[in-house]
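The next block holds one structure in the form of structure tokens; read it before the comments.
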Amino acid sequence: MRALRQNWLPALKGAYQDEGWHHLGAAVELPKQYHIDHLFKKEFRGRTIDDGILTIGLESTTTEKVSDFYTQNPFPNYDEFEDIDSLINKSEKNVFMKSLKREIGFSKTIIEVGSGTSQFSINLAARTNNNVIAFDPTRASLVLGRDFARRNGISNCIFVNADLLLDPFEPGSFDVVWCSGVLHHTRDPKAGFKIISKWVKKDGIIIIGLYNKYGRLRTVFRQKLFTLFLRSQFGRRLVFLLDPILRKDISKEKKDAWFQDQYEHPVESLHTFDEVSGWFEDEGIEFVTAYPKADFQDFDFRNLLKKTGKGDAVTRFYAQVGMIFSHLGSEGGLFLVIGRKS
Ligand SMILES: C[S@@+](CC[C@H](N)C(=O)[O-])C[C@H]1O[C@@H](n2cnc3c(N)ncnc32)[C@H](O)[C@@H]1O
């Protein structure tokens, strides 16, 4: 694997320089200056990267509250990944991720909004000439990502500490905007979507992941149970018995992080396909597909960005209720919607 990486690097070096991004000579230490200023609106330009992280700031007290929450337990942690090879190997086993990476390809400008510890961003940056921005208001999470990137010589992932509600980027800056597990933790998810959808280039894609109002019912039931038992140790133990993720053979740290994220989060909202479909229409984003599919057809992982039907009110309802009984319901009820800027 090391030999493979060495063969790749000289070939990619030219590509970075052509793009006017930054060069792979800085493969170990993240450079202080990047050519990303043009992506920012004028009032946010000219800032330097301090110790590998470019800081913009936070917009609201809700974001401060959420950021404090993740500072206690940055999510997700890197415990299971020794190095970049193990991170990439895991994503290669995930059929969705593998297909998405193939569809995105190379030479793209990508942002992960609410990147947390930025595993997705680092994965999309590694061994490519993509320019990736890992964007999150929680500095402690970005620090974990930055350290992992440094240790593994990944210099084409740039860490930006900011709140999406500040809207710091010029419209049409990114080929791909990925925002999963984030908007439902903001004070106004629809306003957040409106902002980030403007960052997509014409013909670029946006992928959002949100808690589903129906798909998350099992988690909501356990949340209520925990509250009913006054959030006590007994209530916690009960939740540990009932939650399929907490019953898995995973580390204590992972379980604690999952419990905190699912049962103690200070800000959380639930959403539906129809609601998100309306957001897409309002912002001129063409619906491409959704996971799970909204029209009762099988999801075509090999053609992730192929336009599919939205189904009708009945199929959409059943698709969301169906989540309750699938792995999606066991894993917190997150659904993905993919769109293209027309
Ligand atoms: C559940 S974590 C998801 C992390 C990552 N997207 C993933 O799926 O692994 C939610 C993330 O959203 C971030 N977040 C919350 N409010 C945000 C905001 N206003 N702007 C950008 N990110 C935000 C949090 O800091 C946190 O890292």
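The residues in the stretch 198-229 that are in contact with a Leu (Cβ under 8 Å, 6 or more places away or on another chain), more than 13 Å from the ligand (Cβ to nearest atom) and among the aliphatic types (A, V, I, L, M) can be counted, and the count is 3. Scanning the stretch 242-269 for residues that are more than 15 Å from the ligand (Cβ to nearest atom) and either within 18 Å of the chain's Cα centre (by Cα) or at pLDDT 90 or above (or both) gives Leu242, Asp243, Pro244, Leu246, Arg247, Lys248, Asp249, Lys255. Filtering the stretch 142-197 to residues that are more than 9 Å from the ligand (Cβ to nearest atom) and in a loop (DSSP other than H, G, I, E, B) leaves Asn152, Gly153, Ile154, Ser155, Asn156, Asp167, Pro168, Glu170, Pro171, Gly172, Ser173, Asp188. The condition (being under 24 Å from Phe221 (Cβ atoms) and in a loop (DSSP other than H, G, I, E, B)) is satisfied by just one residue among Val267, Val321: Val267. No other residue among Gln223, Gln260 is farther than 30 Å from Leu39 by Cα and surrounded by fewer than 16 Cβ atoms within 10 Å (Cβ to Cβ) apart from Gln260. Pairing residues of the stretch 240-262 that are more than 16 Å from Asp68 (Cα to Cα) with residues that are among the basic types (Lys, Arg) and at pLDDT 90 or above, at Cβ distances under 7 Å and at least 6 apart in sequence or on separate chains, gives Leu242/Arg222; Asp243/Arg222; Leu246/Lys255. Kindly establish whether Ala257 is in the same structural domain as Asn130 (by TED's automatic domain parsing) and outside any strand (DSSP E or B). Taking the combined requirement at face value, the residue does not satisfy it. Consider Ala134 carefully, then state whether it is of a type outside the set (Ser, Thr, Tyr), in the same structural domain as His38 (by TED's automatic domain parsing) and more than 13 Å from the ligand (Cβ to nearest atom). So Ala134 does not fit the description; no. The selection criterion, being more than 30 Å from His265 (Cα to Cα), crowded, with 18+ Cβ neighbours inside 10 Å, touching a helix residue (DSSP H, G or I) at 6+ places or on another chain (Cβ under 8 Å) and of a type outside the set (A, V, I, L, M), holds for Thr109.
The values are calculated or read from the model by the stated rules, or taken from the named source; none is laboratory data. In this text the structure is predicted, and so the values were computed from the model without any measurement. A quick note on method: Cβ atoms are made from the backbone with ideal geometry, for glycine too, and the neighbour counts reach across all protein chains shown.
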